[in-house]
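Below are the structure tokens for one structure; questions will follow.
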Amino acid sequence: MTDVRDKGPNRVVAEHNLTAILDVTEALVRQGGVVSYSAVAVGAGVSRPTVYAHFPDRAALLSAVAERALADAAAAIASARPEQGPADEALRRVVLAAWEHLARHQEIARATVSEVPHHVLHAAHDQVVSVLEGLVERGRQERTFRRDLDPEWLVAATLALIHTAAAGVRRGNLEETRAVQALVTSIRDVCVGPPGQSLPSA
């Protein structure tokens, strides 16, 4: 990575403005606010022409927000080393490391589905889901994960639980520590089965 000290002042300012623009846009999307260039410019502390200089239209702006959320989720998943160790332990690591990023990615995708090009959202969805699908398949092969439910359902249920936990924390209905504990337990029960339950062999 290039040291900030090696960059010219104009580039440093441009990167700062870009981050601020994306942060404000993401906040507006997640809050259900109107993503206008005026609102983004005011929130980011820049002029409207500056926003247009980075993103010529709303689709480009929202696509960049969706792609950044995906990159954050992918980085968090990678940091959890999903390919290492028993599948149930790997799933727990992924959930603990990435649940907020995955939930944010889902929220942004749902909120921008009508304006972001489909190929952007599909690419984002496929990259995240493929990791979970691989974990579920590995867990089934290891006879750690349950085989009485379709793997597609286990992945969908995992993502739905992550989204529900994040939404509860964001609304203030759930305290974060307890929400994470409940999330890990619930996903384990969905994918592995309750403790002491014998797993079907078929």
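The values are calculated or read from the model by the stated rules, or taken from the named source; none is laboratory data. Owing to the predicted nature of the structure, the values given are computational and were not obtained by experimental measurement. We place every Cβ from the backbone using ideal geometry, glycine too, and count neighbours over all the protein chains shown. When the accessible area is computed, the model is the full protein with side chains, heavy atoms only, and any ligands, DNA or RNA have been set aside. Shrake-Rupley method; radii C 1.70, N 1.55, O 1.52, S 1.80 Å.
Being without any contact (Cβ under 8 Å) to a residue 24 or more places away in the chain, in a loop (DSSP other than H, G, I, E, B) and not β-branched (Val, Ile, Thr) is the filter here, so list the residues in the range 84-117 that pass it.
Gln84, Gly85, Ser114
Next up: Could you count how many residues in the range 16-39 are over 22 Å from His101 (Cα atoms) and open to solvent by less than 80 Å² (accessible area, probe 1.4 Å)?
The total comes to 5.
Would it be correct to say that Ala39 is in a helix (DSSP H, G or I), out of contact with any Asp or Glu (no Cβ under 8 Å at 6 or more places or on another chain), over 30 Å from Val184 (Cα atoms) and small (Gly, Ala, Ser)?
Here the answer is yes, as Ala39 does meet what is asked.
Checking the conditions here, which among Ala78, Ala98 is within 28 Å of Thr177 (Cα to Cα) and open to solvent by 60 Å² or more (accessible area, probe 1.4 Å)? First the steps, then the outcome.
On the way: Ala98 fails: open to solvent by 60 Å² or more (accessible area, probe 1.4 Å).
Sole residue among the options that is within 28 Å of Thr177 (Cα to Cα) and open to solvent by 60 Å² or more (accessible area, probe 1.4 Å): Ala78.
Hey, another quick one. List the residue pairs whose Cβ atoms are under 8 Å apart, where the first residue sits in the range 17-44 and is in contact (Cβ under 8 Å) with a residue 40 or more places away in the chain and on the phi > 0 side of the Ramachandran plot, the second is open to solvent by 30 Å² or more (accessible area, probe 1.4 Å) and part of a helix (DSSP H, G or I), and the two are 6 or more positions apart or on different chains.
Between residues of the range 17-44 that are in contact (Cβ under 8 Å) with a residue 40 or more places away in the chain and on the phi > 0 side of the Ramachandran plot and residues that are open to solvent by 30 Å² or more (accessible area, probe 1.4 Å) and part of a helix (DSSP H, G or I), the close pairs are Gly32/Ala111.
Could you tell me which of the residues Leu149, Leu161 is part of a loop (DSSP other than H, G, I, E, B) and over 22 Å from Gln84 (Cα atoms)?
Only one candidate passes the filter, namely Leu149.
Can you tell me which of Ile77, Ile108 is of a type in the set (Val, Ile, Thr) and within 9 Å of the chain's Cα centre (by Cα)?
Ile108
I'm checking my understanding of the structure. Among residues of the range 119-163 that are open to solvent by 70 Å² or more (accessible area, probe 1.4 Å) and at pLDDT below 90, which one is farthest from the chain's Cα centre (by Cα)?
His119
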